[in-house]
Amino acid sequence: MKSKSLESEQYLSASNRITGSIVIVIGALGLVDILLEWRTGTGLLVGSVIGMFIVLAYVGLIRPSVTLSPEHLLLRNHLRDHRIPWSKVTGVDVTDVLRVHTDGNRFRAPGVQLVMRDLRKQRVGGRKLAADSSISKADFVVNRIEHHQEQYAAKSQGEVVSGWAAPELIVFGVLAVIAVVAAVVR
């Protein structure tokens with residue numbers, strides 16, 4: 001978890017970001033190799049498939065996050081963004097991932113998630129959880145959201161706005177079209 005500034009706080013899964021970054025770097029090295037050595041229709045097909053996997057790694061591992069600002073709560077999920085004004089937040093809890101409740105809906109936020117190992121330790125009650133366990137990190141985020149809700153609910157107005165992750169979907173779609181065209185042409 002990291003905090004951007006005093007005004008805005010962003011929480012995310014560091015292990016997912018590290019894994020996603022490694023996958024993207026390996027994919028980028030593969031793309032560079034294809035661009036340098038394999039300039040054919042098949043190379044274009046393979047390059048676009050690798051590009052689609054890079055986009056999937058970004059969407060699945062790097063993109064999910066929870067951002068708290070004085071105006072609203074922003075939940076960035078894999079393919080959707082939810083901008084929730086503080087006045088609309090009615091509760092927050094953690095099951096396997098963070099869940100934010102509003103009057104008529106519940107939004108899941110995979111940017112803050114619990115590790116199964118920590119859940120098993122908590123359920124069994126044997127070994128003590130480490131201070132930096134995923135459960136204590138998730139509890140910290142829940143406390144921060146509750147604090148922001150109390151502090152900014154009176155000032156924050158508006159409706160819940162949900163939208164698709166358009167740039168990621170466009171890039172993936174373009175790469176898929178290139179892959180299909182390259183497969184047909186070769």
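The values are calculated or read from the model by the stated rules, or taken from the named source; none is laboratory data. Computed from a predicted model, the values in this text were never measured in an experiment. Glycine gets a Cβ as well: all are built from the backbone with ideal geometry, and neighbour counts include every protein chain shown. We work out accessible area using only protein heavy atoms, side chains counted, and drop any ligands, DNA or RNA first. Shrake-Rupley method; radii C 1.70, N 1.55, O 1.52, S 1.80 Å.
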Q: Identify all residues within region 143-159 that are open to solvent by 50 Å² or more (accessible area, probe 1.4 Å), part of a loop (DSSP other than H, G, I, E, B) and out of contact with any Asp or Glu (no Cβ under 9 Å at 6 or more places or on another chain); write none if there are none.
A: Ala154, Gln157, Glu159
**Q.** Those residues of region 75-88 which are part of a strand (DSSP E or B), buried (at least 19 other Cβ atoms within 10 Å of the Cβ) and out of contact with any Leu (no Cβ under 6 Å at 6 or more places or on another chain), in sequence order
**A.** Leu75, Arg76, Pro85
(Q) I'd like the full set of residues that are over 10 Å from Leu44 (Cα atoms) and surrounded by 15 or more Cβ atoms within 10 Å (Cβ to Cβ), limited to region 176-186. (A) Ala176
Q) Just checking, how many residues over region 22-39 are among the β-branched types (Val, Ile, Thr), within 19 Å of Ala182 (Cα to Cα) and loosely packed, with under 13 Cβ neighbours inside 10 Å? A) 1
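Which of the residues belonging to region 89-109 are of a type in the set (Ser, Thr, Tyr) and part of a loop (DSSP other than H, G, I, E, B)?
Passing the criteria: only Thr95.
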Q. Out of the residues in region 89-105 that are open to solvent by 40 Å² or more (accessible area, probe 1.4 Å) and either over 17 Å from the mean Cα position of the chain (by Cα) or modelled with pLDDT of 95 or more (or both), which is farthest from Ser8 (Cα to Cα)?
A. Gly104
Q. What is the residue count in region 53-74 for residues that are within 26 Å of Leu175 (Cβ to Cβ), open to solvent by less than 40 Å² (accessible area, probe 1.4 Å) and not in a strand (DSSP E or B)?
A. 8
Q) Only one residue in Thr19, Thr42 is in a helix (DSSP H, G or I), out of contact with any helix residue (DSSP H, G or I) (no Cβ under 6 Å at 6 or more places or on another chain), open to solvent by 20 Å² or more (accessible area, probe 1.4 Å) and hydroxyl-bearing (Ser, Thr, Tyr), so which one is that? A) Thr42
